[in-house]
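Worksheet: one structure, shown below.
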Amino acid sequence: MNEIDKIKELHRSLICSELYTFPKKGKVNVSSKHGVYVIYSQTDQVLHVGMTPSGKKGLNQRLYNHISKTGVFYREYLKPNDICLRGRGKYRYIEIDNPRLRALVEALTAGLLCPIHFGTGIKRVKKEE
């Protein structure tokens, strides 16, 4: 199987994977491996597509970051819109060990699902008062 077909297959696996609800309390405990994930609102709107670039605790750590009020997604989208994912928001994920495949599956998934929050990598300039 060529790389393009592999990326498409992994994307389909992600979209068809089990849908979980974020815990009301405590940590996320689904996988300590690396992968790609999709976060949904309680009304199933795609909010964010992400991946685990690093971290010893993999998907568990990355998904927990989103419900523990840390990171860009929280700061730039969840907090300003007063959204709490705990007990309401949903997510699905797929484990992908290969960093290149992870990045490509994240890119394809974000491009096809058009999440509400999409990081562009552009730094915001703070306005002087």
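Read-outs throughout are calculated quantities, based only on the coordinates presented, and are distinct from any laboratory measurement. Model, not experiment: these values are computed from the prediction. Don't worry about glycine lacking a Cβ; one is built from the backbone with ideal geometry, like all the others, and counts go over all protein chains shown.
Summary value for the range 32-113: 42 percent relative contact order, contacts being C-alpha pairs under 8 angstrom separated by 6+ residues. Nearest 10 degrees, 0 to 90: what angle lies between the long axis of helix 3-15 and the longest principal axis of the chain (Cα atoms)? Rounded to the nearest ten degrees, it is 60. Taking the longest Cα principal axis of the chain as reference, the axis of helix 58-67 is set at about 30 degrees.
Taking one quarter of the surface of the convex hull spanned by the alpha-carbon atoms of the chain gives a direction-averaged projected area of 8.8 nm².
Within the same chain, aspartates and glutamates fewer than 8 places from Lys69 are excluded, and of the rest, those with a Cα less than 16 Å from its Cα are Asp82.
Taking packing as the residue-averaged number of other Cβ atoms within 10 angstrom, the listed peptides 6-16, 104-114 run from highest to lowest as 104-114, 6-16.
For the peptides 32-41, 92-101, 56-65, 70-79, what is the packing order when you average, over each peptide's residues, the other Cβ atoms within 10 Å and list the highest mean first?
Working: 32-41: 21.5, 92-101: 16.9, 56-65: 18.8, 70-79: 15.0.
Result, highest mean Cβ count within 10 Å first: 32-41, 56-65, 92-101, 70-79.
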